[in-house]
Amino acid sequence: MVWNFSVTDVLLLLGIGQGFFLSITLPILTNKNSAANQILILQLLLSGFILLARMALHDAEELWIVQRLAPLESIIFIFGPLGYIYLKRLLQKGQKRFKLPWFHYLPALLYLVYLLYLGTYSNEEFGQKLIQGYFSDGFFIAELAAILFNLYYWFLGILFFLKIIKKEKEQYSFEQSAIFFVRVLLVTSGVVLFAWTASFISVHIFNVFLPVINYNFVWITIPILIYIVGFFALKQPEIVRVMVTEKPKGRVRELLNEQGITLLKQKLTKLMKDEKVYLNNELSLVNLSKQLNTSTNNLSWLLNTVYNSNFYDFVNEYRIKAFVSKLEQEEHKMKTLFSLSMEVGFNSKSTFNKAFKSVLNETPSSYIKKLAG
């Protein structure tokens, strides 16, 4: 076998090296949320092995190499379930040991058995049948099943992510770094899956082979996903922390009578207006409820029912009002808008801009122009 290192080979080699490097360094980097990291490390190792096999298959000149390495292709059915498990363990407290039943891995097992069966043919017989298209139906069914299977888990991940975003707004006054991390992963994997689907339809329905977007494209993009994981894991290791707590089943809140509502509103107003607790950029539902000497369920119920708001919007409205006050005092002429937003409790430019537009229905720059005029 002769190795001809093309651009594709270089990308694959970089992805392999990155994957194995991260699988070794992640356990050393942090010990937080180790259950989620275990799944991530498993995915990185599987990616490394499958990319090694892909390189060998790409440059293979002998059929026996194809027959022996082909069973590794069954891993394509494992990435979907593992990715969903990783999201559950990473983002939601109480899901540290979340698992999927065995039947979620049945497609991978069936495809593995089929590929092992192909290895029972002699080299000559395998080559003849391959040229004659004897295995075409099997590969067609396998690829279609792999696309649908991975799209299914990607869709489950999207639904879970939207649920997490809603819960985050109920419990936090800031957007955590894991949210952006997962959003990037979901968008990138979605692009790959839909490109793969387009290629499949183009080839099998319109008989048009796309030179760039094809089955091999899926394997080339795996290193890209590994690079994304590597970037965030090394630059922002705090993404491995648990984010959102699931509400307990059964009774979800204590009932507040009229006197209790009045008293809680008075305490909340004092903390927000007099003590300005919103200036803490890590303020959360949990620590605010402790300062109010009440439960998170009571505070959440008060915000939702009495103030018709969630925790995220309630706190950020105070921050925007404080920011506007600074603008009116012309502090923006001496400091940047971002530094002013940090002073009133925001910890990111994107969160500030989103909150500002939500409260005042315009951008900070347009508001300043209007204020100057």
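The values are calculated or read from the model by the stated rules, or taken from the named source; none is laboratory data. Note that the coordinates shown come from a computational prediction; the quantities given were computed from them, not determined experimentally. Note that each Cβ is placed from the backbone with ideal geometry, even for glycine, and that neighbours are counted across all protein chains shown. Just the protein is used for accessible areas: all its heavy atoms, side chains included, with ligands, DNA and RNA removed. Shrake-Rupley method; radii C 1.70, N 1.55, O 1.52, S 1.80 Å.
At a glance:
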{"quantity": "Entries in LYS166/LYS370; LYS267/LYS321; LYS169/LYS369; LYS290/LYS357; LYS99/LYS354 that, when Cα-Cα distance is taken, lie over 28 Å", "calculated": "LYS166/LYS370; LYS169/LYS369; LYS290/LYS357; LYS99/LYS354"}
{"quantity": "Largest-first ordering by accessible area, 1.4 Å probe, given options TRP64, TRP154", "calculated": "TRP64, TRP154"}
{"quantity": "Estimated FRET transfer efficiency when R0 is 35 angstrom, pair GLU258-LYS321 (beta carbons, to 0.05)", "calculated": "0.80"}
{"quantity": "Spatial separation of Cα centroids for region 290-309 and region 257-282, in angstrom", "calculated": "9"}
{"quantity": "Anisotropy class of region 263-313 from Cα gyration tensor, a/c 1.5 cut", "calculated": "rounded"}
{"quantity": "Prolate/oblate/rounded label for region 102-147 (Cα gyration tensor, a/c 1.5)", "calculated": "oblate"}
{"quantity": "Residue-span extension gain [ASN304 to PHE135] - 0.36 nm each, minus C-alpha spacing", "calculated": "55.0 nm"}
{"quantity": "Of PHE160, TYR114, GLY133, farthest towards positive along the dipole that unit charges on Lys, Arg, Asp, Glu beta carbons give region 105-173", "calculated": "PHE160"}
{"quantity": "Taking the convex hull of Cα positions in region 160-227, its mean projected area over all directions (nm²)", "calculated": "5.7"}
